[in-house]
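The values are calculated or read from the model by the stated rules, or taken from the named source; none is laboratory data. Bear in mind the structure is a predicted one, so any value in this text is a computation, not a measurement. Cβ placement follows ideal geometry from the backbone for every residue including glycine, while neighbour counts extend to all protein chains displayed. Please note that ligands, DNA and RNA were not included when accessible areas were found on the heavy atoms of the full protein model with its side chains. Shrake-Rupley method; radii C 1.70, N 1.55, O 1.52, S 1.80 Å.
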Amino acid sequence: MTVMHSARFLLAAVPAMTLLGSCGGGGSSAAPAAAWVQGQFAAESTFAASCVAPRTGNDPVTGKPYPDRPGKLLDELNWLRSWTNDLYLWYSEVLDKNPASFTSDASYFDELKTTAKTASNRDKDRFHFTSDTAKWEALEQSGVQAGYGVGFVLLAATPPRNLVVGYIEPLIPADNVAANIARGAKVLTIDGVDLVNAADQAGVDTLNAGLTPKSVGESHTFSILDAGAVTPRTVTLVSASVTVTPVQSVHTITTPGGALVGYMLFNDHLATSESALVNAFTQLQTAGVTDLVLDIRYNGGGLLDIASEVAYMIAGQQTVGQTFELTQFNNKYPSTDPVTGTTITPLGFHTTTQGFSVTAGQPLPTLGLSRVFVLTGVSTCSASESIINSLQGINVQVIQVGSTTCGKPYGFYPTDNCGTTYFSIQFQGVNAKGFGDYPDGFTPANTVTPQGVSVSGCSVADDFTHALGDSAEGLLASALSYQQTAVCPLPPSGSAPPPALGVGAYVPPMADGQAIKSLWQQNRIQRRSSAQ
Amino acid sequence: MRPGPVTTAHRIAVAILAALGLQSLPACAVLADSPGTPAVIADATAESRVELARVIHEALGDVPVTLADDALTGGSLLSLEHALRRDPMGRPLNGRELTHPETFELFKRGPRCVLVQSRTGREWTLHHVQCVAAPVQAPQ
């Protein structure tokens, strides 16, 4: 069992009389000292909630006193060690180091992961994080995020950096409308600091502060070069609460061959996505489309149930009774979810709404397609990849156009101890065929240097010279071409010929990068290259 | 079909269920047989926003919750999720989220506007909110 959350869960659940025995802010005795013996692990409960700085008062989530008790750093490290050994997906690949030789939770936690590499020589575990528990447990209205209403894409995080505008939220704050920013605009400076070349820490801090404002109402000055422009211009952006539109640009396209193809830009697996997706698929179903282009190039995932709904709305009846995704834990828990204690059962393809933003139990629309085109990039991650994998698991053809996805078939139960919430990979999702091994992502089949699992389709660089949803935009154009001919354009189809312009003129980006959406809690701009 | 994980939302749920057995909650009641007609707030005011925030606070305890000023004006369902946190590459930290969002639904029941917590069925009458039947959603 995962002790911290589970223990608090149980404390809240037991009857009042039982609670009387455990109230008062947790026990007062420290965890027993444990001498480190390599390969021997005490139960994590031995060390749970034994904290250097015990929280006092009530846990805002449970309304009960925190279970924290006075302890030592070694107790917290021992908890991490035992918890990791119990639940980490690759626990057997963690080198068991003596926690007593570490001076902080953070430095020890960094060591509690596999050092193995993927086939493409990336770190197998690139998803190992912590968060302040109070910040993690805060809730916000779904779809309301702080930012500028501008989706940036970082093509290069180190000098010479390259940051461009990927898309504009339809509900961009009024203060930023006047900036008239469009997809493809390059950011040259933020608050006077050279974004492309700045190498000093103060400059990098300024850049990150501009990209990640700490509060609503902050103003930052950007110098941008619009697509096709020769001369930069200066705009001021103001941070605000932005209601994001997770599904955009829903429309149909009639190909030269006469086929009616549906298109939608699907950016986020949020609760509000449910109603937007129902509307979008209803629209396309009513229109009678015979193919769908699902644009998830900037979709980093989110609610897995939303992904399941999307997959059903694409494929329809053929999904009924099938596995969308099965969660697999480490080999200590082949049949039981170690966190919930329940029997592991597969998640099916949802055929009805889940009540996230549409009343629960409503039949979902569906296109009943036997194939789908997905537009992807390096930001296509996690739940978005589940859509691809789940459909392939039931032999729905997925045609991938774009670039390799991120490669995250994994997940975790965020777990608190002593005020820090730890994100450590605990499970892997597999499809109906039992496949879930794509740590290097999915890669279009004609990619020159394949990186991930090969999927039918075309390698095309993101095309910032056209609006998303424009039939001339590189990825969409390639998908439409492939729909008619089953042949990929010669790569890179998404690039326009370099314009014959003067020094400093706009050159269309021909690369793929990471989407920056909500601007909070990120530190994106780096001084130098880092492993990722 | 799938068990829910033991995360914040579940701890909230269990804490509330436990609380229900321990103390009276005069401001709320268990869901009536007929919840009424799904509704939206017709004219959001500072007073209605304060009342909505107060009721959400009562339902969820001291967990910080950020609401938009136009909450429940465009639809009858209000969903709350963890404040989105992203990894250094800009992707959601938890891109494979197994939990369900916390949801509330607004109903018009006669002259009353009633907010119902979907997971528990607890409901609150909002005295400072004017609500009307939610429009039937049309395709985009």
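What are the ³J(HN,Hα) values, in whole Hz, obtained from phi via the Karplus relation 6.51 cos²θ - 1.76 cosθ + 1.60 with θ = phi - 60°, for each residue of segment A:144-149 in sequence order, with x given for Gly and Pro?
Per-residue couplings from phi come out as 9, 10, 7, x, 9, x Hz.
Please work out how much accessible surface A:Lys135 shows to a 1.4 Å probe, ignoring ligands, DNA and RNA, in Å² rounded to 10.
110
Among the trypsin sites (Lys or Arg not before Pro) within segment A:289-388, which fall in a DSSP loop and have no more than 10 other Cβ atoms within 10 Å of their own Cβ?
none
Mind checking the full-extension length gain between B:Val136 and B:Asp69? Use 0.36 nm per residue of separation minus the Cα-Cα distance, one decimal, nm.
Result for the pair: 21.9 nm of gain on full extension.
Once Rh for segment A:323-442 is found with the Kirkwood sum over Cα pairs, what is the Stokes-Einstein diffusion coefficient at 37 °C and 0.692 mPa s, in µm²/s?
205
What value in Å³ per residue do you get for the convex hull of the alpha-carbon atoms in segment A:371-455?
It is 89 Å³ per residue.
Order the following by accessible area, largest value first: A:Ile172, A:Ile190. Probe radius 1.4 Å; ligands, DNA and RNA are ignored.
Correct descending sequence by accessible area is A:Ile172, A:Ile190.
Where the centre of each part is set by its Cα atoms, how far does segment A:324-385 sit from segment A:183-249, in angstrom?
Answer, in whole Å: 35.
In segment A:332-431, what percent of the accessible surface is made up of carbon and sulfur (1.4 Å probe, ligands and nucleic acids excluded)?
49
Would you please report the Å³ per residue occupied by the convex hull of the alpha carbon atoms in segment B:29-140? Intermediate results must be reported in sequence, preceding the final value.
Details: hull volume 15.9 nm³, N = 112.
Dividing the Cα hull volume of segment B:29-140 by its residues yields 142 Å³.
Please compute one quarter of the surface area of the Cα convex hull for segment A:238-393 and express it in square nanometres.
Values: hull surface 46.6 nm².
Dividing the Cα hull surface by four gives the mean projection, 11.7 nm².
Each label point is 7 Å from the Cα along the Cα-to-Cβ direction; what then is the distance between the points at A:Val216 and A:Asp191, in nm?
Using points 7 Å along Cα→Cβ, the separation is 2.1 nm.
Buried accessible area for the A:B pair, summed, 1.4 Å probe, in Å² rounded to 100? All intermediate terms of the calculation are to be shown ahead of the outcome.
Values: alone 22020 and 9340 Å², together 25060 Å².
Buried surface at the A/B interface: approximately 6300 Å².
Roughly to the nearest percent, how much of the accessible area of segment A:116-266 is carbon and sulfur, given a 1.4 Å probe? Write down the numbers at each step before the final one.
Numbers: 2960 of 5450 Å².
Carbon and sulfur atoms account for 54 percent of the accessible area of segment A:116-266.
How many nm is it between the label spots at A:Glu93 and B:Asp43, if each spot is 7 Å from the Cα in line with the beta carbon?
6.2
Please tell me the relative contact order of chain A in percent, rounded to the nearest whole number, where contacts are Cα pairs under 8 Å and at least six residues apart.
Once divided by the residue count of chain A, the mean separation gives 15 percent.
Taking each residue of A:295-306 in turn, how many C-beta atoms of other protein chains fall within 10 Å of its C-beta, and what is the average?
Counting Cβ atoms of other protein chains within 10 Å of each residue's Cβ and averaging gives 4.
Normalise the Cα radius of gyration of chain A by 2.2 N^0.38 Å (N = residues in it) and let me know the number.
Numbers: Rg = 24.6 Å, N = 532, 2.2 N^0.38 = 23.9 Å.
Normalised by 2.2 N^0.38 Å, the Cα Rg of chain A equals 1.03.
What distance in nm lies between label points placed 7 Å from Cα along the C-beta direction at A:Thr46 and A:Ala199?
About 5.1 nm, to one decimal.
Through the Karplus equation 6.51 cos²θ - 1.76 cosθ + 1.60, θ set to phi - 60°, convert the phi angles of segment A:59-73 into ³J(HN,Hα) values in whole Hz; use x for Gly and Pro.
Couplings: 5, x, 6, 8, x, 9, x, 4, x, 4, 9, x, x, 10, 4 Hz.
Taking only the alpha-carbon positions of segment A:89-143 and ignoring solvent, what does the Debye formula give for the base-10 log of I(q)/I(0) at q = 0.12 Å⁻¹?
-0.43
For A:Asp463, which sequence-distant residues (separation of 5 or more, or a different chain) have an amide H within less than 5 Å of its own amide H, given hydrogens modelled in the peptide plane?
Excluding prolines and chain starts, which carry no amide H, the hits are A:Gly474, A:Leu475.
Which whole-Hz couplings ³J(HN,Hα) result when phi for each residue of segment A:169-179 is put into the Karplus expression 6.51 cos²θ - 1.76 cosθ + 1.60, θ = phi - 60°, listed in order with x for Gly and Pro?
5, x, 9, 4, x, 4, 4, 9, 4, 4, 5
Please calculate how many Å² of accessible area segment A:202-262 carries per residue, with a 1.4 Å probe and no DNA, RNA or ligand atoms counted.
Result: 39 Å² per residue.
At 222 nm, what value in deg cm²/dmol follows for chain A if DSSP H runs of at least 4 each add -39500 (n - 2.57) and the sum is divided by all its residues, to the nearest 500?
It lands at -6000 deg cm²/dmol.
With a probe of 1.4 Å, find how much accessible area segment B:82-140 has per residue, and write the answer as a whole number in Å².
39
In segment A:265-289, which residues give up 30 Å² or more of accessible area once the other protein chains are added, compared with their chain alone (1.4 Å probe)?
A:Asn279, A:Gln283
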